[in-house]
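Q: Here it is: the structure, laid out below.
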Amino acid sequence: MDEFRLVEKLMGSAFELIIKDHDKARAEKFLAEGRDEIKRLENLLTEFADSSFTSLINKNAGVKPVQVDGEVYQLIQRSVGLSNLTQGSFDISVGPLKKLYNFKNEQFVFPEKSAVKKVLQFVGFQHISLLPDNHVFLKKKGMFISFAAIGKGYAADKVKKMWQQKGVENGVINASGDLTVIGKKTEERPWQIGIANPDQADDILCFLPIENASIATSGDYEQYFMRGGKRYSHTIDPRTGNPVSGIKSVSVVSPGAELCDALATAVFVMGVEVGLHFINQLPQTHCLIITDKNEVFHSRNLNFKYAEK
């Protein structure tokens with residue numbers, strides 16, 4: 001059985017689609033259909049095109065409700081549900097806080113506390129109103145939503161479902177390192193997913209075998225800054241408006257990519273103790289956390305092995 005691949009930049013990320021099949025023409029057809037599905041979702045969800053539902057919702061924040069496609073409405077509904085589940089650690093309305101910070105600036109300066117406090121009033125899933133007939137309303141002018149922390153996972157789930165309905169038995173949807181797999185790599189072996197060393201991205205720290213599941217990693221590999229000997233991540237706690245510290249990387253494994261995507265961000269914000277306690281209560285969901293001291297913590301019953309050096 002051969003491996004067929006398609007690599008393309010989609011949703012602002014490098015996507016790699018892989019199908020194992022005996023039939024080249026069939027595999028390439030399914031790969032193209034997967035790419036087209038991701039492009040369709042990108043057009044629906046992007047915040048960078050005026051015509052998208054996300055842009056329409058954001059433009060009308062504090063003004064009027066916007067009627068959206070049922071698919072978008074349900075994704076927002078699930079996002080708000082995840083915010084409730086994680087007590088606000090995951091929040092699609094966190095964007096205004098991110099605009100306060102420039103993590104790529106070497107001379108990083110914390111924004112004034114008064115500025116953070118002011119912007120916090122425009123953040124909060126509780127200000128997202130889900131109204132009848134697929135209408136969505138952001139209650140405050142200045143609010144905006146983004147699917148950056150859940151959109152790629154949703155797209156991966158959609159492609160996986162489509163491929164499975166068409167009879168694909170072995171495949172991978174790789175969204176910049178967040179992976180969703182169908183079946184196994186071979187009849188005997190599951191797909192082996194490498195977790196990178198946060199200090200050296202090309203060095204694999206450990207491997208997780210996964211089958212018909214997804215894994216997403218939230219890490220500060222590229223965007224972080226040091227202040228007073230303390231490392232701060234580019235991830236912002238939506239509840240406090242402050243950048244998160246203490247963790248370098250969180251990887252979450254579960255049956256669904258959308259859930260993995262959102263929970264990796266949420267656990268990063270929660271911290272080690274609260275995050276592990278939270279994940280241990282969820283069925284078929286596991287996580288691996290690497291702290292800023294390079295300590296490794298994991299949830300109960302996580303199957304993984306350290307890479308041989």
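Q: Go through K160/K293; K152/K185; K59/K166; K9/K184; K39/K161 and tell me which ones have a Cα-Cα distance over 27 Å in this structure. Don't skip to the end; give the middle numbers.
A: Details: K160/K293 36 Å; K152/K185 22 Å; K59/K166 38 Å; K9/K184 25 Å; K39/K161 16 Å.
Flagged as over cut-off: K160/K293; K59/K166.
Q: At a Förster distance of 35 Å, what's the computed FRET efficiency of E273 paired with L131, Cβ-Cβ distance as r, to 0.05?
A: Numbers: r = 38 Å, r/R0 = 1.08.
Given R0 = 35 Å and the Cβ-Cβ separation, E is 0.40.
Q: Could you give me the ³J(HN,Hα) list for region 79-96, computed from phi with Karplus coefficients 6.51, -1.76, 1.60 and θ = phi - 60°, whole Hz, x at Gly and Pro?
A: Values per residue, Gly and Pro as x: 5, 5, x, 5, 4, 5, 4, 9, 6, x, 5, 10, 7, 6, 9, 6, x, x Hz.
Q: Turning to a different aspect of this structure: When the chain is treated as a GNM, springs tying every alpha-carbon pair under 10 Å, which of M162, M226, M143 comes out with the largest mean-square fluctuation?
A: Sorting by GNM fluctuation, first place goes to M226.
Q: Let me check against my output: what whole-number percent is the relative contact order of the chain, with C-alpha pairs under 8 Å and at least 6 apart?
A: Working: 609 pairs, mean separation 49.8, N = 309.
This gives 16 percent for the chain.
Q: Using Cα springs under 10 Å in a Gaussian network model of the chain, which residue among C287, C206, C260 shows the largest mean-square fluctuation?
A: C206
Q: Considering Cα pairs under 8 angstrom that are at least six residues apart, work out the relative contact order of region 84-177 and quote it in whole percent. It would help to have the intermediate numbers written out before the result.
A: Numbers: 66 pairs, mean separation 27.1, N = 94.
Here the relative contact order equals 29 percent.
Q: Could you work out the relative contact order of region 40-114, using alpha carbon pairs under 8 angstrom and six or more residues apart, expressed as a whole percent?
A: Numbers: 37 pairs, mean separation 10.1, N = 75.
This gives 13 percent for region 40-114.
Q: Among Q87, Q165, Q126, which one moves the most in a GNM of the chain with springs linking Cα atoms closer than 10 Å?
A: Most flexible of the set in this elastic network: Q165.
All of the numbers you see were taken from the coordinates with simple rules; none came from a lab. Not measured: the values here are computed from a predicted model. Cβ: placed from backbone, ideal geometry, glycine included. Neighbour counts: every protein chain shown.
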